[in-house]
Amino acid sequence: MPKTKPVILVVDDNEDMVKVLMKIISRNIEADVLGATSGSEALAIAGDRVLDVVITDVKMPEIDGLELLRRLKLLDDNIGVIVITGYGTIESAVEALKNGAYDYFQKPFNNDRLVHIVKMCLEHSRLRRENVRLQKKIHDDSISYGLVGTSPKIRRVLDLFARIANTDVTVLIRGESGTGKEIAARALHAMSSRASQQMITVNCPALPEHILESELFGYSRGAFTGATTAKKGLFLAASGSSILLDEIADIPVSIQTKLLRVLQEKEIRPLGSTSNVKVDVRVIASTNQDLEQKIREGQFREDLFYRLNVVSVTMPSLRDIPEDIPLIANYFLKKYSEKYGKPGMTFSHDAIKCLISQRWPGNVRQLENTVKRAVLLAESDEICSADIPTEEGSEPESRSTVFPCFENLPYKDAKSEVISMFTRRYIAQALRKTKGNVTAAANLVGLERQALQRILRKYGIKSADFRKENPSD
C-alpha cells in the first residue's frame with residue numbers, strides 16, 4: 001500500500017498570497033497542498049479531509065485566524081497550526097501560541113524559514129497522531145495475551161501458538177535474557193483450553209538439586225528424615241493445566257532422567273514411592289542457553305532435548321524488532337505513569353529516536369526498567385531523550401559522539417535533537433530556580449517574557465509543573 005501524503009492547507013483572504021505559499025510549499029515538500037480564502041472555507045475542507053498542517057493568516061473577515069485555530073483544535077487537536085502575522089500583530093501571534101498554535105512567522109517571510117517550520121510542524125503532527133494510534137492499540141486490547149508487538153516476528157510467534165495452543169505438544173521457548181520467554185509461555189497457556197487453570201512456573205536454577213526434585217515430583221511420608229507427611233509435587237499441582245520449566249538448561253542430569261519419564265509416559269514417581277502416578281500436564285520449557293553445546297559437553301541429555309524440542313520458538317531480541325520498540329515503550333509508559341500517579345505522560349520525538357537507536361542487551365526487561373526510571377524522574381509530562389540513560393554504565397571515550405542516541409542521524413537532524421535536549425534542560429533548570437515564575441525565569445536567562453513563553457509552548461514545558469515542586473511557596 002503506497003504511503004499517504006500529508007495534507008497542508010493554506011488559508012488567507014488574499015488569493016495571491018495563497019497561491020504564493022502553495023507554490024513555495026509544493027516545490028519543497030512532498031504533500032497535498034490545498035488553499036482557502038476564508039475561515040469558513042477552511043473549516044469546510046477540514047470537515048472533509050484529515051489535515052496535518054494549516055497555515056493561516058491572523059487578519060481575515062468573519063472568521064479570523066485565532067477563531068479558526070480554536071475551531072480546528074476542537075475538530076482535531078492533532079492538526080498543526082502555523083500562524084502568519086503582519087507588522088504590529090505579534091501579540092495576536094503570541095495569543096495563538098497560547099491557544100495551541102505550533103509556531104508563527106511574520107510578513108514578509110523568508111522562504112527557507114517557512115519551509116523549515118512547515119516540515120517541523122508536519123513531523124510534530126505525525127508524532128502526535130502516531131502516539132494516539134499507539135495508545136489506541138493498547139486500549140483496544142490489540143496486545144495479544146501480553147505479547148506486545150506487531151512486527152512479523154512477533155506475529156509469527158502468535159500464529160504458531162494459535163495453531164498448537166489446544167494440543168498437548170511440548171514447547172521449547174528459546175531466546176536471550178529479557179526477551180519475554182515467560183510472557184510467551186503465559187500467552188500460549190492463555191490461548192489454550194487449559195487457560196481456566198493457573199499455570200505453574202518453576203524457576204529451575206533457584207532450587208538446589210534435592211529440593212528441586214521433591215518440589216517437582218513430591219514425596220511420600222517417610223521418604224526422608226523430616227518427611228512426616230506426604231507432599232504433592234508441582235507436576236500433580238499442574239494437572240489439567242500447564243507447567244513452565246524456566247531455564248531448564250540448569251536442571252541437574254539426575255533430575256533430567258526423571259523428567260524424561262514424565263514426557264514419555266505422562267507419569268511421575270514421588271520420592272519414596274514404589275508406584276507411578278499419571279499426570280495430565282502440558283510442559284513448556286524455556287532457556288537462554290545453547291542446549292546443543294551443553295549436550296556436547298555432557299551436561300544435558302540428548303534424548304530429553306528431543307522430547308522438549310517438539311515445537312521450538314525463539315523469542316526475538318529488541319535488535320531484531322526495532323519497529324516494535326515504540327509500541328512496547330508506550331505500553332510500559334501507560335503502565336508506570338498510572339502506577340506512579342502521572343497519567344497522560346508521552347514520549348517526545350527525540351526520546352523515541354533514542355529508544356530505537358539503543359542496543360538493548362537486556363532486551364524488553366531493560367526497556368521496561370528504563371521507561372519506569374524515566375517516568376519517576378521526568379520533570380514534565382513529556383519524556384525527552386535527556387530522561388533516558390543511553391547504556392548501563394558510562395560510554396567509552398572512543399564512541400563517535402557524546403550523544404550516542406543521535407549518532408546514526410543525519411547531521412541536521414542530530415543537531416536539531418541536541419538543541420532540543422539542551423533547551424529543555426536549560427529552561428527547566430531556570431524554572432526550577434524561579435519556582436515556576438516565567439517572568440523571573442526570562443530575566444534569569446536573558447530573554448523577553450514572550451520569547452520564553454514561545455519556547456515553553458514549542459517544547460511542551462509547563463511552568464505550573466515547577467510550581468508544584470514548591471507547593472508551600
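Just so you know, all these numbers are worked out from the coordinates, no wet-lab data involved. No experiment lies behind these values; they were computed from the predicted model shown. All Cβ positions, even for glycine, are placed from backbone atoms using ideal geometry, and neighbour counts span all protein chains on display.
Which loop-located GluC sites (Glu not before Pro) does the stretch 22-88 contain, where loop means any DSSP state but H, G, I, E or B and the Cβ has at most 11 other Cβ atoms within 10 Å? Walk me through the intermediate numbers first.
Numbers: sites: GLU30, GLU41, GLU62, GLU67; in loops: GLU30, GLU62.
Here the GluC sites (Glu not before Pro) that fit, given the DSSP loop and packing criteria, are GLU30, GLU62.
So who's got an amide H within less than 5 Å of the one on ILE63, skipping anything under 5 residues away but keeping other chains? H placed 1.01 Å off N, in plane.
GLY39, SER40
Using modelled backbone amide H atoms (1.01 Å from N, in-plane), which distant-in-sequence or interchain residues come within less than 5 Å of TYR104's amide H?
VAL83
Please compute one quarter of the surface area of the Cα convex hull for the chain and express it in square nanometres.
31.0
Please work out the FRET efficiency for the pair VAL310 and ASN276, using the Cβ-Cβ distance as r and a Förster radius of 22 Å; give the result to the nearest 0.05.
On the way: r = 22 Å, r/R0 = 1.01.
The value I calculate is 0.50.
Can you give the FRET efficiency to the nearest 0.05 for LYS415 and GLN289, using r as the Cβ-Cβ distance and R₀ = 45 Å? Walk me through the numbers on the way to the answer.
Numbers: r = 44 Å, r/R0 = 0.98.
The formula returns an efficiency of 0.55 here.
Which net charge results for the neighbourhood of VAL313, defined as the other residues with beta-carbon distances under 12 angstrom from its beta-carbon, given Lys and Arg at +1 and Asp and Glu at -1? Could you put the intermediate results ahead of the total?
Numbers: positive: LYS153, ARG156, ARG163, ARG174, LYS181; negative: ASP159.
After counting each charged neighbour, the total is +4.
Contact order normalised by length for the stretch 320-468, with contacts defined as Cα pairs under 8 Å and 6 or more residues apart; what percent is it? It would help to have the intermediate numbers written out before the result.
Values: 141 pairs, mean separation 29.2, N = 149.
Relative CO of the stretch 320-468 lands at 20 percent.
Quick one: Karplus J couplings for the stretch 147-159, per residue in order, coefficients 6.51, -1.76, 1.60, θ = phi - 60°, nearest Hz, x for Gly and Pro?
Couplings: 8, 8, x, 10, 5, x, 5, 5, 4, 5, 4, 5, 5 Hz.
Applying a 10 Å radius around every beta-carbon, put 157-166, 321-330 in order of their mean neighbour count, most first. Could the numbers behind the result be given before it?
Numbers: 157-166: 15.8, 321-330: 20.0.
Top to bottom by mean Cβ count within 10 Å: 321-330, 157-166.
Taking a ≥ b ≥ c as the square roots of the Cα gyration tensor eigenvalues, with a/c under 1.5 meaning rounded and otherwise prolate when a/b beats b/c, else oblate, which class fits the stretch 168-215? Intermediate results must be reported in sequence, preceding the final value.
Numbers: a/c = 2.33, a/b = 1.35, b/c = 1.72.
In terms of gyration-tensor shape, oblate.
Non-local amide H neighbours of ILE383 (under 5 Å, H modeled in plane, Pro and chain starts lacking H): which ones?
Under 5 Å from the amide H of ILE383 lie the amide H atoms of THR346, PHE347, SER348, each far enough along the sequence or on another chain.
Just need the relative contact order of the chain here, percent rounded to a whole number, with Cα pairs under 8 Å and 6+ apart. Walk me through the numbers before you get to the answer.
Working: 712 pairs, mean separation 52.5, N = 473.
RCO, the chain: 11 percent.
Where the centroid of each part is defined by its Cα atoms, how far is the stretch 231-300 from the stretch 325-371 in Å?
37
Which ³J(HN,Hα) values in Hz, rounded to whole numbers, follow from the phi angles of the stretch 116-126 under the Karplus curve 6.51 cos²θ - 1.76 cosθ + 1.60, where θ = phi - 60° and Gly and Pro get x?
4, 5, 5, 4, 5, 5, 4, 5, 4, 5, 4
Among LYS342/LYS433; LYS23/LYS458; LYS107/LYS435; LYS73/LYS372, which pairs are too far apart, with a Cα-Cα distance over 30 Å? Working shown, then result.
Values: LYS342/LYS433 23 Å; LYS23/LYS458 26 Å; LYS107/LYS435 36 Å; LYS73/LYS372 32 Å.
Those over the limit are LYS107/LYS435; LYS73/LYS372.
What residues of the stretch 21-58 lie in the reach of a label at VAL132, counting those whose backbone N is under 12 Å from a point 7 Å from the Cα along Cα→Cβ?
Within reach of a label on VAL132, which here means backbone N under 12 Å from a point 7 Å along Cα→Cβ, the stretch 21-58 contributes 50-53.
Could you point to the residue in ILE321, ALA237, VAL10 farthest towards the positive end of the chain's charge dipole, with +1 and -1 charges on the Cβ of Lys/Arg and Asp/Glu respectively?
ALA237
Can you give the charge dipole size of the stretch 152-316 about its Cα centre, rounded to the nearest 20 debye, using +1 on the beta carbon of Lys and Arg and -1 on the beta carbon of Asp and Glu? Intermediate results must be reported in sequence, preceding the final value.
Working: 21 positive and 18 negative charges, 102 e Å.
Dipole about the Cα centre, nearest 20: 480 debye.
May I ask you to derive the FRET efficiency for LYS335 and GLU62 from their Cβ-Cβ distance with R0 = 51 Å, giving the value to the nearest 0.05?
On the way: r = 47 Å, r/R0 = 0.93.
The value I calculate is 0.60.
What aspartates and glutamates sit close enough to LYS232 to cross-link, taking a C-alpha to C-alpha distance under 13 Å and skipping anything fewer than 8 places away on the same chain?
Partners found: GLU213, GLU215.
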